[in-house]
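Here is the structure we will look at.
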Amino acid sequence: MKSIKKEISKEQSQELFKVLKSRFEKNMNRHKGLDWNTIQAKLEANPEKLWSLDEMERTEGEPDVVGFDEKTKEYIFYDCAAESPKGRRSFCYDHEALEKRKENKPNDSAINRANEMGISILNEEEYRELQKLGNFDTKTSSWIITPSEIRKLGGAIFADFRYNTVFVYHNGAESYYAARGFRGSLRV
């Protein structure tokens, strides 16, 4: 497997900071009490995390700060695009599911792509927290981390938001759809 250089140029960094700062300022309800300059300084000190955020942005996830973990002293970013990120749709759940498909294989799996990007797929609790910040996935759905008991039986879970409610469903892990992607989180 080809090694990916996980850094971005100074120009790319400056452009990404402009986008992230603008999104931060437009959506203060997502991160009350947090200061953009402190967050940017932490990102500048962690170029690999900045690369991951750039990947989230490049694949249309629209990452934004959604919290601060007092225990670990980390800022938490989630994909906050209204619908599941366009650049991360039509993937099956994980590598095992990808390998099991004999015909019409998708290009990749959600877990593989998240790992390559250096991010984590949202779990059910995180997905529900995201939905408290707005209405996301009203027309699409997103794979979420599947409990091992379900995965061992061949299934995987995904979630969406319909009728003012978060729904969590199941599907075969090998399935993939044009309207299903995945949302990620990143801690910095």
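The values are calculated or read from the model by the stated rules, or taken from the named source; none is laboratory data. None of these values were measured; they are calculated from a predicted model. Cβ sites come from the backbone with ideal geometry, for glycine too, and all protein chains shown count toward neighbours. With ligands, DNA and RNA removed, areas are computed over all heavy atoms of the protein, side chains included. Shrake-Rupley method; radii C 1.70, N 1.55, O 1.52, S 1.80 Å.
Some points to look at:
- If the condition is being assigned to a loop (DSSP other than H, G, I, E, B), in contact with a Phe, Trp or Tyr (Cβ under 8 Å, 6 or more places away or on another chain) and either farther than 30 Å from Lys5 by Cβ or aliphatic (A, V, I, L, M) (or both), then segment 118-132 contributes only Leu122.
- Top-ranked residue of segment 57-79 - restricted to ones that are touching a helix residue (DSSP H, G or I) at 6+ places or on another chain (Cβ under 7 Å) and of a type in the set (A, V, I, L, M, F, W, C), ranked as most open to solvent (accessible area, probe 1.4 Å): Val66
- Qualifying residue in segment 19-27 (condition: surrounded by fewer than 14 Cβ atoms within 10 Å (Cβ to Cβ) and in contact (Cβ under 8 Å) with a residue 60 or more places away in the chain): no
- Residue satisfying condition, being under 14 Å from the mean Cα position of the chain (by Cα) and at negative phi, within set Asn171, Asn107, Asn135, Asn112: Asn112
- Screening Gly67, Gly87 for residues that are among the small types (Gly, Ala, Ser) and either over 15 Å from Arg183 (Cβ atoms) or not in a helix (DSSP H, G or I) (or both) leaves exactly one candidate, Gly67.
- The single condition among (1) surrounded by 14 or more Cβ atoms within 10 Å (Cβ to Cβ); (2) assigned to a loop (DSSP other than H, G, I, E, B) that Lys139 does not meet is (1).
- Flag: Leu16 does not match the condition of being part of a helix (DSSP H, G or I), touching a residue at least 12 places away in the same chain (Cβ under 8 Å), among the aliphatic types (A, V, I, L, M) and under 15 Å from Leu186 (Cα atoms).
- Some residue of segment 35-47 being surrounded by 14 or more Cβ atoms within 10 Å (Cβ to Cβ), within 23 Å of Leu130 (Cα to Cα), without any contact (Cβ under 8 Å) to a residue 60 or more places away in the chain and touching a Phe, Trp or Tyr at 6+ places or on another chain (Cβ under 9 Å): yes
- Criterion: charged (D, E, K, R), open to solvent by 60 Å² or more (accessible area, probe 1.4 Å) and touching a strand residue (DSSP E or B) at 6+ places or on another chain (Cβ under 7 Å) - qualifying residue of Arg113, Arg128: Arg128
- Hits in segment 142-159 - residues which are open to solvent by 10 Å² or more (accessible area, probe 1.4 Å) and either charged (D, E, K, R) or in contact with a Phe, Trp or Tyr (Cβ under 8 Å, 6 or more places away or on another chain) (or both): Thr146, Glu149, Arg151, Lys152, Ile157, Phe158
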